[in-house]
1. Exactly one of (1) touching a Ser or Thr at 6+ places or on another chain (Cβ under 8 Å); (2) part of a loop (DSSP other than H, G, I, E, B); (3) charged (D, E, K, R) is unmet by B:ARG436. Its number?
2. Have a look at A:ASN174, A:ASN199, A:ASN217 and point out the one that is surrounded by 21 or more Cβ atoms within 10 Å (Cβ to Cβ) and assigned by TED's automatic domain parsing to the domain that holds A:THR110.
3. If I filter segment A:354-368 for residues that are within 13 Å of chain B (Cβ to nearest Cβ), outside any strand (DSSP E or B) and touching a Phe, Trp or Tyr at 6+ places or on another chain (Cβ under 9 Å), do I get at least one hit?
4. Restricting the search to segment A:393-424, which residues are buried (at least 21 other Cβ atoms within 10 Å of the Cβ) and assigned to a strand (DSSP E or B)?
5. Just to be sure, is A:PRO180 in a helix (DSSP H, G or I), over 31 Å from the mean Cα position of the chain (by Cα) and either at the interface with chain B (Cβ under 9 Å from one of its Cβ atoms) or surrounded by fewer than 20 Cβ atoms within 10 Å (Cβ to Cβ) (or both)?
6. Which condition number does A:HIS152 fail, the rest of (1) more than 9 Å from chain B (Cβ to nearest Cβ); (2) within 12 Å of the chain's Cα centre (by Cα) being met?
7. Search segment A:425-438 for residues that are surrounded by fewer than 17 Cβ atoms within 10 Å (Cβ to Cβ) and pair each with any residue that is assigned to a loop (DSSP other than H, G, I, E, B) when their beta-carbon atoms are under 9 Å apart and the residues are at least 6 apart or on different chains.
8. Identify, please: which residue in segment B:471-488 is surrounded by 16 or more Cβ atoms within 10 Å (Cβ to Cβ) and without any contact (Cβ under 8 Å) to a residue 60 or more places away in the chain and is, among those, nearest to B:PHE514 (Cα to Cα)?
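The values are calculated or read from the model by the stated rules, or taken from the named source; none is laboratory data. The model shown is predicted, which means the values in this text are computed figures rather than measured ones. Neighbour counts run over all protein chains shown; Cβ positions are idealised from the backbone, glycine included.
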Amino acid sequence: MPILKKYFIRYKISFIFIFIFLFFQVLCDLKLPDCTAGIINTIVKDKINFNFVFKNSINMLFMAITSGIASISSILISTRVACKIVKDLRVEIFEKIISFNSCELDKFGTSSLITRCTNDTNQIQNFLIMSSRMLFYAPMMAIGGIIMSSKHAKDMFWIIFLSCLVIFITIVINLFFTLPKFKLIQKLSDKINLILRENLSGLLVVRSFSKEFHEKNRFDKINKEITKMTLFVNRIMTSIMPFMFLIMNITTVSVIYVSAKNIIEDKFEIGNMLAFIQYSTQVLISFLLLSFVISILPGAIISFKRVLEILETKNIILDPIKPITNNLENFESIEFKNVSFKYEKEDKLILDNINFDVELDKITAIVGQTGSGKTTIIKLLMRFYDVNSGEILINKINIKKIKQSNLREQIGYASQKTVLFSGKIIENLKYGNDSASQKEIDDACKVSQVLNFINNSKDKFDFLISKDANNLSGGQKQRLSIARAIIKKPKILIFDDSFSALDFKTDSKIRKELKKIKNTAILIISQRISNIIDADKIIFLEKGKVAGIGTHKELLRTCKEYFKMVNSQTNNVKIL
Amino acid sequence: MMMNRHKCKKTARAKNLKGSILKLLNYLKFYKSSFLFVLILATASNILSTLGPKILSKATNILTSEFLNQNSKKINISLLEINKILINAAIIYFLSLLLSILQSNIISDISSKIIYKLREDINRKFHCLPICYFDNNSHGDILSRMTNDVETINQTLSQNFIQITTAVVSIISMTIIIFTINIKLAFVTIFIVPISSLIIFLITKQTQKYFVKQQNYLGNINSKIQEDFENHVIIKSYNSETKTIKEFTKINNELYKNSWISNFFSSLLIPISQVISNIIYVFVCIYSFYLILKKEILIGDFQAFISYVRSFSQPVNQVSNIVNMIQQTAAASERIFEFLEQNEESKDIKDNLFFNSDLKKYIEFKNVNFSYSKNKKTIENLNLKIKSGQKVAIVGPTGSGKTTIMKLLMRFYDIDSGEILINKKNILLYKKSDLRNLFSMVMQDSWLFNGTILENISYPKRNVNLQQIKKATIDSQAHDFINKLKNKYQTIINEDSENISAGQKQLLNIARAFVANSEILILDEATSNIDNYTEKLIQKAINKLMTNKTCFIIAHRLSTIENADLILVINDGKIIEQGNHKQLIKNKKFYFDLYNSQFSSNN
């Protein structure tokens, strides 16, 4: 666990202080029974010495208070460190996930990443808060207790040893049964999370089919399963403690049994027996504390492993060591050269030997059926995935030789599924370009036909977009995301099916305005011929292959499949 | 009807922790008799184990008395006696163990049942809440209530509940026993209890505040994480990783501040009660020596007393630990009950009407008004009559209220004023599920769940055979692509349905509508994600499906609705034009402009 080590080193001074304070606490806690034993022995022997008793009592009071102060100080430091470590860890995970590209993200799934970043880190925090002190305190106490008790009676040491052994074995057996179940419980709670998320996203569908009952049952099935597992684990976990108390009590009984003989035979004093009983209890209690930490360890380890899995995932797409930077300012072209690509989980190529290029100040369109690989092309161009073979060139440089951020800087992207962040409209618009002037923003909003909407709304640019942009219509969201892409002033503007929620009037207005944007290459992805009929170049995709390239007119002549598709749309579609 | 508007307002957060705990206790009342039994078991087990030191003290007393009056003849007898006492003590400890294991098993059983019930209730509630609740609250926050907060309560019930019973019993039985040993000593010990209680009370007051804050920041950070992970592609493509991380760090720091303080205060209780217990210990020692000298107590009694004083701190610690568990639980249960107490969708009336499935459905909107927020009317004085089997197209600019009309018709929202009638009866008079079953919806945002394709398609109906499903997929043109998949109909749609394309998703949604085969079809931009090639085929199939059905078609693309019987042109929530395509073109008004604009770029 090199990550733990890293945090340990980062906060080593705090840990040293925790250790020092706990050391003092243990010293004081251990000295107390010793003082009592001394007093009792003097009393029993009838050698009453008030001075001795008084001195010892003052000593004891002093130690009790010192122990308290030391323990509070150690708690202060340890809770802070525990929370700080988890705070750092959370940032580290978050940064790592943000650094992922789609290819790494696919491995985990979004909802799993969310639980790992929230639930699992909480589990770790709870564990650290409890264990950061206990892991120091308990062993020190155990060792100290053993040393002190052997001072009073060496030959009874085997009783403590035996009891510790029994405790140890119990814990091991317990872990053996519960650990696998803990894993299962975690999986089931992921599943519950998934069902709830699905129910949230499919709210209207579930209601419209009146499938509330069905969904309740689906949830109920998992709920039953997780209840069964938790019950099993809880039964074991709650039986452990009483069993531990039994061991402690039986230890005391055995100590008295063995010492009785010794005392009668005058080998041993009564005060020593009482001290020994107290030390043995302290040793066993510290063993119990350790076992408690160990018992919550499985849950924490599982959470920790799930977090570690994220941190240890190697980013597949890396920046080059010596990136080329100078050649991007004057954009000339994008070129796809013999590009082939396959998603890891699928068997067949989604893109098969793709060749085409995109030029400055021209509108290039990619059309094709659903699943023909249109969006995949864009994901490859933005390097969310890397090509399996072939090259993607920007200004004749392979995009793998450019820094990712540098590459994406050139691109303004409006996605298929429109994404806006909760917050003000202006914040969303300036998302790609913080220093955009009001005029630039106004212009972009004019292009995307959203300026009227903004100016008519109550708070204008300060209009608050709610979570998941529920207070905007699909068309408003799309127009805002188009404006956002334009405001970024990129060299390449990509519209990935981002006109789908717009009515024709708005759609055609936007496209007319887009033509006026200079110094930019525009890439439109669409299923609809009417969206791209006037593009300078149309790339027609069929089943992952380029079936034809040219203008609309050229393709109508040269590409049969394109002709068919155009026909299917214009050949007067009846209803719908 | 105005009532419904108020339902959706966010209720102010009542910081009533006591109330939340009481509500939680309400969940426990079904298990009253079991709890009583557990209480008896816990008491018995505890009394037995607290008797232990008292019994053992007899052995010490014998030892010391023997020792003090050296009498070698008695030694053998007293050794026998000591052994007897020790065996008794061992038996008592064993009995105590058995009872306590039995008790903890019963408690585990009850607590798991309660958590099960709580989850079930939350889930039931989820499906009864009005749609506007989900519009007004962030999904991350709702999710956090349903998972994190329930988990907190689970922890308390399953682990800390046993402690609370045993700890309380221990304190009581120990108090009684120390009084039987020596009243004077007992008073010295008990004197400290109110002092420590006061300290504990003061600390918990502080902790409470920070726990609520911590729980809220947890909710915030969860929302943030969810939003950012789901919008990952946009963050990357806009190079805003640094900005996102900065925002995250800010919330994270707040969370850190509150969580360390609340955790510090709550773990303060143990050392403080330990110091108090140590001080009691010292006083007890000093006073005992005095009493021993005065021969008022024996050394064995002192030993027993010390062991009680020592173990006194343990249940007190547990109780104080429980106090802060209760705080966490109260904070969590407050959030849960706030959710559980939300107003539900208006209930179906008791003597509801039934739809006659043979009867054709005639829909009428009468002076309907509706608004999402106070500021702006979404639908204004809408009047509309639709005959059975009519194909109605609704067109208009985005945000004009097209989809809202459909949502009102299906009672996802209740209208502010006016009436919506089906066969001349107000839709409020029907059962909601009956009403909604009249409709099949295919929306722009397709929805699939994590399950096989077969399960997804057969979703609307329980008893569909494979043949019906195949027919539906053939009709919706989904059959071809499904057959090309490795596992065909058994292909599992993964989380977030990322393993099939947007168009394929929509094909499955349309197939689902075929399976549902409802009387009224709503197509809300249904084909906007499907390529024309497939769309043409789908249109043929939908045409077939639409015969004898009333259809509502919401579309931006006017070419797709030219043949509708009735075209409604909506702007700002009002119908500004209606008629068929030819009439509207002749009118040369809004529709005419809209229609021509789509060809403008072709010219």
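1. Here B:ARG436 clears every test but (2).
2. A:ASN199
3. No: zero hits.
4. A:ILE394, A:ILE411, A:GLY412, A:TYR413, A:ALA414
5. Answer is no for this residue.
6. Unmet for A:HIS152, out of (1) more than 9 Å from chain B (Cβ to nearest Cβ); (2) within 12 Å of the chain's Cα centre (by Cα): (2).
7. A:GLU427/A:PHE421
8. Per the criteria, the residue is B:ALA472.
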